[in-house]
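Right, one structure below, let's go through it.
The values are calculated or read from the model by the stated rules, or taken from the named source; none is laboratory data. Since the model is a prediction, treat every value here as computed from it, not as a measurement. Every residue, glycine as well, gets a Cβ built from its backbone with ideal geometry; the counts of neighbours run over all protein chains shown.
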Amino acid sequence: MAKVMNKNLIIALIVVFVIIGGSFAVNGVITSIFTHPANAMGEKPETTESQPLAEYLNQGLPAIVKLGADWCPPCRQMKPILKELAKELKGKVIVLDLDIEKHRDLAEQYGISSIPTTLFYNSKGKLKKKVVGFIGKDQILNILKTP
């Protein structure tokens, strides 16, 4: 009887752990049951078209494109910096702050494995620099100045 109760208790604890954490250990290997937090059913996530980005890049202006997410602290720290730069550089530089949850195609296209990742384009729409991690206003301005 005690073995059955211990077994049931262990099963119940595993079920609770899987529900809370989304992963469990089998033979020492941690296995995730979810492919993505918003995708608990294992279905392929929807992607959004990159066309709007291409349209921005064809306007003849340099562009800053930050790929991040709302749940990412450094990404959130960059938001006010990008908003400020968008106001200061209006008509001179395009500033985009894109969520990788909504733009998975861009994340795949540019091999984004860490966020924030900031892409800098020249006025001809060509990628000139890719920076991974938080970058401040001065760094962004310096990158914009370099040819």
Quiz item: Across segment 104-147, what is the number of residues that are more than 19 Å from residue 60 (Cα to Cα), out of contact with any strand residue (DSSP E or B) (no Cβ under 7 Å at 6 or more places or on another chain) and assigned to a loop (DSSP other than H, G, I, E, B)?
Solution: 5
Quiz item: List the pairs whose first member sits in segment 119-147 and is farther than 16 Å from residue 84 by Cα, whose second member is at pLDDT 95 or above and of a type in the set (Phe, Trp, Tyr), and whose Cβ atoms are under 7 Å apart, counting only residues at least 6 apart or on separate chains?
Solution: 127/121; 128/120; 128/121; 129/120; 143/120
Quiz item: Which residue, of 85, 67, is at pLDDT 90 or above and in contact with a Lys or Arg (Cβ under 7 Å, 6 or more places away or on another chain)?
Solution: 85
Quiz item: Can you tell me how many residues in segment 53-82 are in contact (Cβ under 8 Å) with a residue 12 or more places away in the chain and assigned to a loop (DSSP other than H, G, I, E, B)?
Solution: 8
Quiz item: When you go through 121, 110 one by one, which is the residue that is at pLDDT below 95 and either among the aromatic types (Phe, Trp, Tyr) or surrounded by 11 or more Cβ atoms within 10 Å (Cβ to Cβ) (or both)?
Solution: 110
Quiz prompt | Qualifying position, being assigned by TED's automatic domain parsing to the domain that holds residue 69, over 16 Å from the mean Cα position of the chain (by Cα), farther than 13 Å from residue 53 by Cβ and not hydroxyl-bearing (Ser, Thr, Tyr), among 130, 90 | solution = 90
